[in-house]
Amino acid sequence: MDVAEFTRLAASTSPQEDQLITQLEQAVALYQGEFLEAFSLAEAAPFEDWARLKREQLQRTYLETLQRLAGLLEARGEYERGLMYARRGVELEPWDEEAQRQLMRLLALSGKQAEALVQYEACRRSLREDLKIEPARETVQLYEQIRSQKMAAPTPERWA
């Protein structure tokens, strides 16, 4: 039942921003970790495959919900509140550059430019060590904007 409710709430599209934020926060609160964590039927390969795919799908939905929620809060100017959700996404997937950029923006917008620059370095290090790549052009540009204090505020339409 929690999975069905989580999925329903995460897919919310309420035209009322306050209601949408509440529904997304409820979805995030329902997510308590991996689907069927520590449950296994070793001799049932089809079940294991299904459970793994469901786990990945739900985690992806959770991460997208965190980004969407943080984006809505960012667009409203509720940077500190948005930071809480952005940090969760980066903790789960530190190599997700979109989540990293969102966290960097929220840090900078909340007056924590130094912390945003440190976050960029952590992102760059994680990408280099884990994936053997450098940050994307957009991530480097955001870093430069934060460093030079010329960062533009986000547009709200993206997160609705």
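Just so it is clear, none of the values below were taken in a lab; they were calculated from the coordinates. Note that the structure is a prediction, hence the values are computed from the model and not measured. Every residue, glycine among them, receives a Cβ derived from its backbone with ideal geometry; neighbour counts consider all protein chains shown.
Once fully extended, how much extra length lies between residue 92 and residue 59, figured as 0.36 nm per residue of separation less the alpha-carbon to alpha-carbon distance?
11.0 nm
Length gain on complete extension for the stretch residue 80 to residue 144, per 0.36 nm per residue less the alpha carbon to alpha carbon distance?
20.8 nm
Show me 133-144, 21-32, 93-104 ranked by packing, highest mean number of other Cβ atoms within 10 Å first.
Highest to lowest by the protection proxy: 93-104, 21-32, 133-144.
Setting aside same-chain residues fewer than 8 positions from residue 150, which lysines have a Cα under 18 Å from its Cα?
Here the lysines satisfying the reach criterion relative to residue 150 are 112.
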